[in-house]
Each structure stands twice: as structure tokens, then as C-alpha cells.
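> Sending over a structure as C-alpha cells; questions will come in a sec.
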Amino acid sequence: MLPPVRDEDGGPFWEYAARGELRVQACAGCGEPRFPPRPCCPHCQSFASEWRRMSGRGRIWSYVVPYPPLLQAYAARAPYNVIVVELAEAPRIRLVGNLVTGPDAPLDSVPPNRIRIGAKVQVVFGKDGMPRWVAERS
């Protein structure tokens, strides 16, 4: 897998993920969460920010199942799912990841025909610190 880009703005996201925490940047001025992380709030233009812990619950907002040709690093893994998750407590925040059966399960561990838009999901973190998603247990 390609490693994530850890720039100054997004670095804390990956540091928290490595500890098994899902956090998103929020404006310390107006309180609006934002993703992707950036230096200035798009709502009030404040440069003050904080990292807010999320529950990790959300729902599948959209998904795709890519097939080759893909980037060389991913071609052998295809087909697999890529989902867009709308966070429960911050519906305007949407994160991209994979729906899997467990934290370190392969990307193709959930058959594409079992994925449903609107399905509730919960974040899990693999040994590599990457956030992934599993179906929420009722």
C-alpha cells in the first residue's frame, strides 16, 4: 500500500490514527469541523484549530469497486471496495477508506454485493495505523 502523505496540516490525523483514535480538525474559533485538514477555517477564517475525537461511527455515503488497470501498487489487490463514510457526529465530514471484516482483513474481505449506501459502519485500525471500516453491529 502507498503510505499516506504526512504534511504539517494532516500529520496529527495520522499520529492519532497510529494510536487507534479517529480525530478530525476543528476550528477553535467557531467550532466547525473540517476535513481535509488545513491551516485556515473556511467558515470564519480563523487560524486556530484543535483535533476533536470522533466516535468512529458513520454511514456509507458512496462506494466504488475499482478493477485494473490501477496504480501498480494496487493492481494485484483488485477488485476491492473503496467507500466514502459520512461521520455520525459531523455529517459534512466524509472520509475515504475500505469496508473490511476486521482491522487487518484484506481489502477484498467484504464482497461488493454486500455493500449498501446508508449502511452503518464503525472505524477500526489495522496494525499499520490505517483507518478502515467494518459493518456496525446492532
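> If I model a spin label at R53 and S109 as a point 7 Å from the Cα along the Cα→Cβ vector, what separation in nanometres do I get?
For R53 paired with S109, the spin-label model returns 2.4 nm.
> Further question on the same structure: Can you give me the relative contact order of the chain as a percent, contacts being Cα pairs under 8 Å and 6 or more apart?
Averaging sequence separation for qualifying contacts and normalising by length gives 21 percent for the chain.
> Another question, if that's okay. How much of the accessible area of segment 38-89, in percent, comes from carbon and sulfur atoms when a 1.4 Å probe is used?
Exposed carbon and sulfur together represent 56 percent of the surface.
> Which residue fluctuates the most in the chain, going by a Gaussian network model with Cα springs under 10 Å, if the choices are P68, P103, P36?
P68
> Loop only per DSSP, at most 14 neighbouring Cβ atoms within 10 Å: give me the GluC sites (Glu not before Pro) in segment 1-98, ordered by residue number. The partial results should precede the final answer.
Numbers: sites: E8, E15, E21, E50, E86, E89; in loops: E8, E21, E89.
Passing both the DSSP loop test and the Cβ count: E8, E89.
> Springs between alpha-carbon atoms under 10 Å, Gaussian network over the chain: tell me which of R114, R19, R92 tops the mean-square fluctuations.
Looking only at R114, R19, R92, the biggest GNM fluctuation is shown by R114.
> To continue, here is another question. Which three extents, in whole angstrom, do the alpha-carbon atoms of the chain cover along their principal axes, largest first?
43, 35, 25
> Calculate, for the chain, the solvent-accessible area per residue in square angstrom, rolling a 1.4 angstrom probe over the heavy atoms of the protein chains.
Working: 7970 Å² over 138 residues.
Accessible area per residue, the chain: 58 Å².
> Let me check against my output: what whole-number percent is the relative contact order of segment 48-129, with C-alpha pairs under 8 Å and at least 6 apart?
After rounding, I find 33 percent.
> Pick from V64, V85, V110: which is most flexible by mean-square fluctuation in a GNM of the chain where alpha carbon atoms under 10 Å apart are linked?
Answer for the Gaussian network model of the chain: V64.
The values are calculated or read from the model by the stated rules, or taken from the named source; none is laboratory data. The structure displayed is predicted, hence computed values, not measured ones. Every residue, glycine as well, gets a Cβ built from its backbone with ideal geometry; the counts of neighbours run over all protein chains shown. To get the accessible areas, we keep the full protein, side chains included, count just its heavy atoms, and leave off ligands, DNA and RNA. Shrake-Rupley method; radii C 1.70, N 1.55, O 1.52, S 1.80 Å.
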